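Asks: Got a structure for you, questions after.
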Amino acid sequence: MPEPEVLARLEEAKKVYRTGDTTITALDATTMDIRSEELVLIEGPSGSGKTTLISLIGCVIYPTDGKVFVRGVHTSGLNDRELSKLRLDNIGFVFQNFNLIAPFSALDNVAFPLRLMGKSGREARREALAQLEKLGLAGRRQNRPRELSGGQKQRVAIARALATNPRILLCDEPTASLDHASLDKIMSELRNLSREGKAVVVVTHDPRLEEYADRIVRVEDGKIVDEKT
Amino acid sequence: MFRQALQFINYDKPKAFGATLGVLVAIFLIGQQAGIFIFLTSLMTTLVDNSKADIWVTNDKARDANRLGTIDMRYAQELKSVPGVNMASPLVLAGANAKLRNGEQLPVQLVGVEAPEFLLEPWRVVKGSKYGLLDNGGVSVDVFDISSMDSLVAGEPLEINGERSYIKTITRGARGFGGTLMVTTVNRARTLGQVPSNKASAILLTVKDGFSADSVAAAVNRSFFGIRAWEREAFSRQTREENLSNSGIGTSTFTLIIFAIISGMVIIGLTLYSAAIERLNDYATMKAIGASNGYVTRIILTQALLIATVGFALAALLLVGFRKGIANAGVIFEYGWMLWAGLLLATLLLSLGGALLAIFRIRKVEPASVFR
Ligand SMILES: Nc1ncnc2c1ncn2[C@@H]1O[C@H](COP(=O)(O)OP(=O)(O)OP(=O)(O)O)[C@@H](O)[C@H]1O
Ligand SMILES: [Mg+2]
């Protein structure tokens, strides 16, 4: 097993939102490394900046200040196309509200990033089906998101994030709609994935998840206030 | 791409239906207007286009085959001596009033042609033949120009300017621009239309093998004063331009087509835009996952093109039906490949132009909006 490597890095990264004449510092200057073979848990109260933190790591938003590196690439200098490609190749995202693409079936949702990577439709759907099978959802592959329960949507979202086999997996509250059995199944799987060399970042309110974590980062009011290993 | 676009269309069928209807209506209207326009312009030049003359010689002030003025008959003889001229035969156009046996009255344009040359003979003949015109009082009539067409039989008498005449030749779809055409002999056209015997409306020429119509026309124009020789195509073009610039048919057709394109584009634009707005979150998700702006642009374009294809196909079907239906009422024209190409171009313009608004909006959406 190779040494853990730094897959993403925030350097004094800060995110400020301006709405009218109020400014909200969603995340204060933060420095943080995301390493392979590690499952990091990000905890904190609502509105503390958890989603902002992983959005910065996931290059979905740009920092107001500071730098973001993904696999050693400084992201500020990239154009839309390059940044999209960087996300597609390196990052799997499980969004807080699933964000499944409504017109697509469960299968096509999972196949979508594979298509973006240039795989043929047939190949992409074959791999997507294998992914859905792992999460016990092969039977619902033809259903559109609105025909799925919350937990099923969540699992489709996880399948989609895993489909491209990304090195960095960012999960925003991935277990909120899951019962204990499915939670354990998914968290064990995420842990295994980190053991295989991925960096897994999980945002949660749920203390049940702590037992699966290698590192727990506590965010409050836009600042990292505590880190436990 | 195709599959994804189809799924978006499928997900919001009412909007896809609306946009398709927008294309359909706009393209059908354009095709319909263009068809009528083609028909009318073909009527303008129908006398010239259906003549067998290589050259039309007219009064030098004439710019329109439907309003020729007069030319002196002595030119008919003199033109025969121009090198390259084969036949020279007078044409007499004269307005008259016809009264059918059933009492129906109609204004007609008498077209007097000389036998045996028949450099302008009745075309689209369905009953009788041009030789019937040589019989005493013989004229041709088009079935579409009289309301009692079913009862029409060859040999039926009618009155033209009070003189007894006979329908000897029946055509179907040989119609004039100004009114009903009735072809007859030069002499009878003169008598009925009170045209002096030393006058004609035009002298029609054919050229001998080995001579070009252009050069013979040029030779005529060089050696005669007060008349003008037109190569047939040139006179047809001149007649069309004259009528288009004087009648407003061109402008009104053009305006209608522009309006159809604009309103179609607005309908399609708004429909695609509101469809895109409703799916904003999906497009943002696609971007957050790793789709570039180019990719989401192509998804919208593919949807627009799919809608355009269906709309165009349906409009084309309707237009073919329209052409058939209206031909049965005597409005006969053909859609050439140029028109179809033009309609296809208009469809592309409509759908791609209509997609622009949606594309601008989608390109602006930030992937971060998936968190809201
Ligand atoms: N696009 C935005 N515009 C303005 N303010 C924003 C925006 N996104 C986030 N914020 C603000 O930034 C702060 C941090 O938000 P963030 O979404 O990171 O919180 P969170 O920890 O994920 O909360 P939750 O647990 O409720 O998901 C909040 O006060 C939020 O209102
Ligand atoms: Mg959040």
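The values are calculated or read from the model by the stated rules, or taken from the named source; none is laboratory data. Values in this document were obtained by computation on a predicted structure and should not be read as measured data. Ideal geometry is used to build each Cβ from the backbone, glycine not excepted, and the neighbour counts take in all protein chains shown. Surface areas here come from the heavy atoms of the whole protein model, side chains and all, with no ligands, DNA or RNA. Shrake-Rupley method; radii C 1.70, N 1.55, O 1.52, S 1.80 Å.
Asks: Considering each of B:T239, B:T285, B:T309 in turn, give the residue that is open to solvent by less than 60 Å² (accessible area, probe 1.4 Å), assigned to a helix (DSSP H, G or I) and under 27 Å from B:R3 (Cβ atoms). Show your work before the answer.
Replies: Values: B:T239 fails: under 27 Å from B:R3 (Cβ atoms); B:T309 fails: open to solvent by less than 60 Å² (accessible area, probe 1.4 Å).
Residue meeting the stated conditions: B:T285.
Asks: Can you work out which of the residues in the range A:163-181 that are within 14 Å of chain B (Cβ to nearest Cβ) and open to solvent by less than 10 Å² (accessible area, probe 1.4 Å) is farthest from ligand 2 (Cβ to nearest atom)?
Replies: So the residue we want is A:P166.
Asks: Take the range A:112-140 and flag every residue that is outside any helix (DSSP H, G or I), of a type outside the set (S, T, Y) and within 14 Å of another protein chain (Cβ to nearest Cβ). Lay out the reasoning, then the answer.
Replies: First, the residues of the range A:112-140 that are outside any helix (DSSP H, G or I): A:117-120, A:135-137.
Subset that is of a type outside the set (S, T, Y): A:117-119, A:135-137.
Answer for the range A:112-140, where residues must be outside any helix (DSSP H, G or I), of a type outside the set (S, T, Y) and within 14 Å of another protein chain (Cβ to nearest Cβ): A:M117, A:G118, A:K119.
Asks: Another question, then. Which condition number in (1) open to solvent by 10 Å² or more (accessible area, probe 1.4 Å); (2) under 30 Å from B:I332 (Cβ atoms) is the one that B:T184 fails?
Replies: (1)
Condition check ((1) of a type in the set (A, V, I, L, M); (2) in a loop (DSSP other than H, G, I, E, B); (3) away from ligand 2 (no atom under 16 Å from the Cβ); (4) away from every other protein chain (no Cβ under 14 Å)) across all residues:
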site: B:L318; (1), (2), (3), (4): yes, no, yes, yes
site: B:G325; (1), (2), (3), (4): no, no, yes, yes
site: B:Y335; (1), (2), (3), (4): no, yes, yes, yes
site: B:L345; (1), (2), (3), (4): yes, no, yes, yes
site: B:L349; (1), (2), (3), (4): yes, no, yes, yes
site: B:L352; (1), (2), (3), (4): yes, no, yes, yes
site: B:L357; (1), (2), (3), (4): yes, no, yes, yes
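Asks: While we're on this one: Which of the following residues is open to solvent by less than 50 Å² (accessible area, probe 1.4 Å), in contact (Cβ under 8 Å) with a residue 12 or more places away in the chain, within 16 Å of ligand 2 (Cβ to nearest atom) and part of a helix (DSSP H, G or I): A:L86, A:L53?
Replies: Numbers: A:L86 fails: within 16 Å of ligand 2 (Cβ to nearest atom).
The conditions single out A:L53.
Asks: From A:E210, A:E220, grab the single residue that is in contact (Cβ under 8 Å) with a residue 40 or more places away in the chain, within 16 Å of ligand 1 (Cβ to nearest atom), open to solvent by 10 Å² or more (accessible area, probe 1.4 Å) and not basic (K, R).
Replies: Numbers: A:E210 fails: within 16 Å of ligand 1 (Cβ to nearest atom).
The match here is A:E220.
Asks: Condition first: within 16 Å of ligand 1 (Cβ to nearest atom) and closer than 30 Å to A:V6 by Cα. Can you find one or more residues in the range A:141-163 that meet it?
Replies: Yes, there is a match, as at least one residue in the range A:141-163 is within 16 Å of ligand 1 (Cβ to nearest atom) and closer than 30 Å to A:V6 by Cα.
Asks: Scanning the range A:26-43 for residues that are within 16 Å of ligand 2 (Cβ to nearest atom) and open to solvent by 10 Å² or more (accessible area, probe 1.4 Å), which turns out farthest from the other protein chains (Cβ to nearest Cβ)? Steps first, answer last, please.
Replies: Looking only at the range A:26-43, we keep the residues that are within 16 Å of ligand 2 (Cβ to nearest atom), and these are A:26-27, A:30, A:40-43.
From what is left, the residues that are open to solvent by 10 Å² or more (accessible area, probe 1.4 Å) are A:26, A:43.
Values: A:A26: 11, A:E43: 18 Å.
Here the residue is A:E43.
Asks: Find the residue count for the range A:61-77, including only residues that are assigned to a loop (DSSP other than H, G, I, E, B) and at pLDDT 90 or above. Show your work before the answer.
Replies: In the first step, residues of the range A:61-77 are kept if they are assigned to a loop (DSSP other than H, G, I, E, B); the result is A:61-64, A:71-72.
Within this subset, residues satisfying the condition of being at pLDDT 90 or above are A:63-64, A:71-72.
Qualifying residue count for the region: 4.
Asks: If a residue must be more than 27 Å from the chain's Cα centre (by Cα) and crowded, with 18+ Cβ neighbours inside 10 Å, how many such residues does the range B:88-134 contain?
Replies: Result for the range B:88-134: 9.
Asks: Tell me whether the range A:109-126 contains one or more residues that are farther than 28 Å from B:Q303 by Cα and loosely packed, with under 14 Cβ neighbours inside 10 Å.
Replies: no
Asks: Restricting the search to the range B:360-372, which residues are touching a helix residue (DSSP H, G or I) at 6+ places or on another chain (Cβ under 7 Å) and more than 14 Å from chain A (Cβ to nearest Cβ)?
Replies: B:R361 - this is the single residue of the range B:360-372 that is touching a helix residue (DSSP H, G or I) at 6+ places or on another chain (Cβ under 7 Å) and more than 14 Å from chain A (Cβ to nearest Cβ).
Asks: Across the range A:86-111, what is the number of residues that are within 7 Å of chain B (Cβ to nearest Cβ) and within 17 Å of the chain's Cα centre (by Cα)?
Replies: 7
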